[in-house]
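Worksheet: the structure to be examined is printed underneath.
The values are calculated or read from the model by the stated rules, or taken from the named source; none is laboratory data. These numbers come from a predicted model, not from an experiment. Cβ sites come from the backbone with ideal geometry, for glycine too, and all protein chains shown count toward neighbours. Remember, those area values only see protein heavy atoms, side chains included, never the ligands or the DNA or RNA. Shrake-Rupley method; radii C 1.70, N 1.55, O 1.52, S 1.80 Å.
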Amino acid sequence: MTLRRIADPAVGEQIRARRLLRGWSVRYAASRAGVSHATWSRIERGLQTADNRFMLADIAGALECAPADLSGTGIPALDRATASARAGVLDLRRALVDIDLTEPPARPAPPVAELRRSVALADALHRACDYAGASRLLPDLLRDLHTETAGPDHLEALRLLCDATHIASTVLRNLGYPADAWVGAERCRDAADATGDPVLRGHAAYALARAATACGSYQRGQTLAERAVDDLSRHLGLPGGPEVLGSLHLVAALASRCRQRLEDSRDLLIEAARLARRTGETDTMGMFFGPTNVDIWRMSIEVDDGDPVRVVEIARRTDPAAIPAGVRQVYYYADTARALTRIGGQDREAIRFLLTAERIAPQHVRTSAEVAETIRMLLGRSRRQAGGTEVRALYERMQA
């Protein structure tokens, strides 16, 4: 099928302005991004869209900015919760800088049992995509856990710190702050290394690989994941080992796809699916590894320059309710909508999936560059097809 792609002149204008600011020619800028100068020129002139996360990320990397700076989604949305989530990023960033395990703690901490309950609450907020709630809770919690690592319950405090920093990294990444997510993942690695637990080290490597990939460092992300796979493969008998190993295969598949190696990515997904058949649906370490999650990852990997028809086929056979967490369900609905939009002729159904994704996780959807691009494509066709009013309303909710 022929994909219908509607360019967004505003994105092209942002790209052109940033290129001219640096005094670069189209040919030089395009060479930095790994695209042809003709493609770059068409995008700047609004004749072609940078219509997937990989091209937009490559162009942003060439221009030394974030993809959100080009797509216009870096501005806080109207709703208070999303604005609050982004407002909390600075304090969360400071907390991650403060909790260096090589430095002595500087404050008293509550009992470890209370800290355990707070970590469980942060995890519940993250699963529900309540990034505002999580970003309010996490800074003090991280500092308290840092203090507790010097106390008598230091081993449990380190494990809890590993969990909390992993949550912090994920929240920051999903809000569009990948470099801060990397700092959170490094703190997670520090805590995991201090425990000596190979499963926790694999868990931390997953966070690092996801953050690296979100930063556009695809080779680094894949290397981190594959090294962790090799290390963890010797410890599959430990609780959580197979689930973390499978999750590492998933992030390696994503990084491989970002490097334009779709067949290698599909091979890694096959290995993840094999492990998922062994584990079944799980909730281990909040990773939700299992057959359903593997399919949701497969959809995310195929939707950009893969096979959108295949994405819809996977969606038809997948029940996202098998994973009781909005943080994973939202990808199912958003990526199905993106695939339907790219196929064309199914805009009403695409809009329905987008609205479902927004209902499940409004803070997530309203800060997503990929969703914003999909909405722009739908808006470009809205005068000719059904659903224009709904998609325009959704677009307005994403704007400041």
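Scan the stretch 153-174 and give yes if some residue there is among the aliphatic types (A, V, I, L, M) and not in a helix (DSSP H, G or I), otherwise no. No, that holds for no residue. Under 20 Å from Asp190 (Cβ atoms), in contact with a Lys or Arg (Cβ under 6 Å, 6 or more places away or on another chain), open to solvent by less than 30 Å² (accessible area, probe 1.4 Å) and touching a residue at least 12 places away in the same chain (Cβ under 8 Å): does that describe Ala204? Yes. Looking only at the stretch 7-33, which residues are out of contact with any Gly (no Cβ under 9 Å at 6 or more places or on another chain), open to solvent by less than 70 Å² (accessible area, probe 1.4 Å) and either more than 25 Å from Arg259 (Cα to Cα) or not basic (Lys, Arg) (or both)? Answer for the stretch 7-33, where residues must be out of contact with any Gly (no Cβ under 9 Å at 6 or more places or on another chain), open to solvent by less than 70 Å² (accessible area, probe 1.4 Å) and either more than 25 Å from Arg259 (Cα to Cα) or not basic (Lys, Arg) (or both): Ile15, Ala17, Gly23, Trp24, Ser25, Val26, Ala29, Ala30.
Residues in the stretch 220-241: is at least one small (Gly, Ala, Ser) and under 15 Å from Ala57 (Cα atoms)?
Keep residues of the stretch 220-241 that are small (Gly, Ala, Ser), which gives 221, 225, 228, 233, 237, 240-241.
Next cut, under 15 Å from Ala57 (Cα atoms) only: 221.
Yes, the conditions are met somewhere in the stretch 220-241.
When the stretch 268-283 is filtered for residues that are farther than 10 Å from Gly246 by Cβ and not charged (D, E, K, R), the ones remaining, listed by number, are Leu268, Leu269, Ile270, Gly280.
Selection of the stretch 304-328 for residues being buried (at least 23 other Cβ atoms within 10 Å of the Cβ) and free of Cβ contacts under 8 Å to residues at least 40 places away in the same chain yields only Val311.
Let's see how each residue does on (1) open to solvent by less than 50 Å² (accessible area, probe 1.4 Å); (2) not small (Gly, Ala, Ser):
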residue: Asp163; (1), (2): no, yes
residue: Ala212; (1), (2): yes, no
residue: Leu236; (1), (2): yes, yes
residue: Glu243; (1), (2): yes, yes
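How do the pairs read when you match residues in the stretch 284-301 that are under 22 Å from Ala124 (Cα atoms) with residues anywhere that are among the aromatic types (Phe, Trp, Tyr), using Cβ under 7 Å and keeping only pairs 6 or more apart or on different chains? Matching pairs, first to second residue: Ile296/Tyr331; Ile296/Tyr332.
Across the stretch 334-365, the number of residues qualifying as closer than 26 Å to Ser135 by Cα and surrounded by fewer than 23 Cβ atoms within 10 Å (Cβ to Cβ) comes to 6.
How about the stretch 263-290: which of its residues are hydrophobic (A, V, I, L, M, F, W, C) and crowded, with 16+ Cβ neighbours inside 10 Å?
Hits for the stretch 263-290 are Leu268, Leu269, Ala272, Ala273, Leu275, Ala276, Met285, Met287, Phe288, Phe289.
Selection of the stretch 92-128 for residues being closer than 30 Å to His364 by Cα, of a type in the set (D, E, K, R) and open to solvent by 50 Å² or more (accessible area, probe 1.4 Å) yields Arg93, Arg94, Asp98, Glu114, Arg116, Arg117, Arg127.
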